[in-house]
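This report concerns only the one structure given below.
The values are calculated or read from the model by the stated rules, or taken from the named source; none is laboratory data. On a predicted model such as this, the values are computed, not experimentally measured, just so you know. Counting neighbours? That spans all protein chains shown, and the Cβs are built from the backbone with ideal geometry, glycine included. We work out accessible area using only protein heavy atoms, side chains counted, and drop any ligands, DNA or RNA first. Shrake-Rupley method; radii C 1.70, N 1.55, O 1.52, S 1.80 Å.
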Amino acid sequence: CPVVLAPVNSSVAMPPPADIVKVAIEWPGAYPKLMEIDQKKPLSSIIKEVCDGWSLANHDQFALQHADSSNFYITEKNRNEIKNGAILRLTTSPAQNAQQLHERIQSSSMDAKLEALKDLANYSRDVTFAQEFINLDGISLLTQMVESGTERYQKLQKIMKPCFGDMLSFTLTAFVELMDHGIVSWDTFSVAFIKKIASYVNKFASDISILQRSLAILESMVLNSHDLYQKVAQEITIGQLIPHLQGTDQEIQTYTIAVINALFLKAPDDKRQEMANILAQKQLRSIILTHVIRAQRAINNEMAHQLYVLQVLTFNLLEDRMMTKMDPQDQAQRDIIFELRRIAFDAESEPNNSSGSMEKRKSMYTRDYKKLGFINHVNPAMDFTQTPPGMLALDNMLYFAKHHQDAYIRIVLENSSREDKHECPFGRSSIELTKMLCEILKVGELRKLTC
């Protein structure tokens with residue numbers, strides 16, 4: 001049979017060009033406009049075309065933004081993210097909007113000021129707007145409002161406390177959003193501003209939004225500036241932070257641990273152990289177990305991460321001891337081994353042991369060190385020259401012997417009388433257990449951003 005070739009159908013619809021995006025554009029009081037945007041054309045000419053369609057002059061004072069909850073401005077950098085079917089909005093330009101809000105937040109009307117700060121907090125999430133507002137020295141304006149706010153509205157607080165609380169909350173929110181873009185250096189802030197933010201951690205503890213923003217600002221200050229770390233560390237204590245972990249709001253608990261982590265992370269090496277001791281005295285571990293880990297709610301990802309960071313920072317304090325070899329010539333270190341022997345055996349030793357000959361005492365010590373389960377019975381200091389676990393193993397052994405003395409003596413005596421194949425020598429076992437725990441707990445490993 002002959003093969004019949006079908007004629008080419010020239011009317012088959014071709015796919016739209018890749019550079020053409022079909023969108024709807026809104027303008028208050030008008031029907032949405034359906035149009036095709038040519039991504040090869042300059043954005044300014046597209047905005048002019050939209051303005052001309054609604055007979056709007058001064059097109060350079062307008063811009064396009066996404067009509068979703070983000071309200072982000074469309075720029076030459078991000079315009080390729082526009083998808084077919086997107087709904088856009090024609091609005092005032094970022095520069096115009098920033099100028100208007102800069103003026104509105106300085107209004108003498110409390111209601112107008114509050115509404116302006118609410119809008120500012122929303123718009124500041126957009127880096128395009130943020131850049132324009134920062135160019136107007138907007139950060140300085142906000143910090144001045146924070147520094148003088150409490151005094152300026154002291155009388156109003158009594159009659160308009162909810163309004164003042166909302167104003168401060170929106171001011172701090174806008175500040176956090178603007179600073180998160182990384183446009184302005186954290187090194188520029190005054191001690192007065194730091195003191196004010198630190199005071200809010202106690203003063204507005206019942207206002208969740210103000211407390212959360214204040215903690216977020218303190219964390220960023222500590223992490224982003226060495227000078228600010230020192231100033232914040234002078235203004236805020238662990239004792240002031242602990243109560244916020246005992247509440248029920250997990251977001252506040254998360255930010256509180258984040259601030260503790262930041263202070264821990266930026267503290268000089270010689271101060272970290274001191275800080276860890278304070279955390280131990282304040283029973284931080286017990287508080288976290290009771291109010292966070294065993295609370296009747298699931299732990300979210302951010303809280304899990306902050307707890308992980310706290311674990312890494314505290315476990316890594318052990319790295320120095322873990323990597324320190326014992327010096328067999330160091331008498332202070334050798335005295336620790338003597339103390340282990342004394343606690344285990346002095347109760348059963350003869351009172352006049354010390355008066356025996358040197359040879360007799362050496363023989364007795366060798367026997368005792370064997371019972372303690374060391375590999376090197378003559379010079380057990382040699383058992384602690386491997387790193388890891390180094391001196392950390394000896395620290396653990398001494399802690400156990402002193403704080404759990406009965407259990408320690410029982411373990412040593414029981415194992416010294418067992419057959420070789422059933423023995424669990426205290427010395428060797430302690431060294432291996434310490435080494436294993438260091439591996440499991442990843443002592444000395446750098447913290448990861450996603451764990």
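A Förster radius of 41 Å, combined with the Cβ-Cβ distance separating residue 92 from residue 439, puts the computed FRET efficiency at roughly 0.10.
With only Cα atoms counted, segment 257-311 has Rg and Dmax values of 12.1, 38 Å.
Direction-averaged projected area, Cα convex hull, segment 139-282: 8.6 nm², rounded to one decimal. Full extension of the chain segment joining residue 111 with residue 378 gains 87.8 nm, where the gain is 0.36 nm per residue of separation less the Cα-Cα distance.
Taking all protein chains together and a 1.4 Å probe, the residues 434, 387 rank 387, 434 from largest to smallest accessible area. Database remark: amide H of residue 72 closer than 5 angstrom to the amide H of 66 (H placed geometrically; neighbours at sequence offset of 5 or more, or on other chains; Pro and chain starts carry no H). Between residue 86 and 24, the built amide H atoms are under 5 Å apart, and every one of these is 5 or more places off in sequence or on another chain.
Full extension of the segment from residue 148 to residue 409, taken as 0.36 nm per residue of separation minus the current Cα-Cα distance, would add 87.5 nm. In this structure, the pairs whose alpha-carbon distance is over 30 Å, taken from 402/435; 231/448; 77/113; 402/442, are 77/113. Rounded to two decimals, the Cα-based Rg/Rh of segment 20-92, with Kirkwood Rh, is 0.91. Global size of segment 357-434: 12.7, 37 Å for Rg and Dmax (C-alpha atoms, Rg to one decimal, Dmax whole). Working from label points 7 Å from Cα in the Cα-to-Cβ sense, the residue 191 to residue 358 distance is 6.3 nm. Counting only whole DSSP H helices of the chain, the ones at least 30 Å long by C-alpha along their axis and with mean Kyte-Doolittle hydropathy no lower than 0.0 are 154-179. Convex hull volume of the C-alpha atoms in the chain, normalised per residue: 307 Å³.
Computed over protein heavy atoms with a 1.4 Å probe, the carbon and sulfur contribution to the accessible area of the chain reaches 52%.
Only aspartates and glutamates eight or more places from residue 40 in sequence, or on another chain, were considered; those with a Cα closer than 12 Å are 19, 76. On the beta carbon distance between residue 277 and residue 55, with R0 = 45 Å, the FRET formula returns roughly 0.05.
Averaging the sequence gap over all C-alpha pairs within less than 8 Å and six or more residues apart, then dividing by the number of residues, gives segment 20-92 a relative contact order of 41 percent.
Annotation: aspartates and glutamates with alpha-carbon distance below 14 angstrom to residue 22 (same-chain offsets under eight excluded): 36, 38, 81. On the basis of the beta-carbon distance and an R0 of 35 Å, residue 287 and residue 38 show a calculated FRET efficiency of 0.05.
Each other residue within a Cβ distance under 14 Å of residue 75 adds +1 if Lys or Arg and -1 if Asp or Glu, for a net charge of -2.
Once the 1.4 Å probe is applied to the protein heavy atoms, segment 20-92 comes out at 58 Å² accessible per residue. Taking a temperature of 20 °C and a viscosity of 1.002 mPa s, what whole-number D in µm²/s does Stokes-Einstein yield for segment 26-165 with Rh from Kirkwood over alpha carbon pairs? D, rounded to a whole number, is 126 µm²/s.
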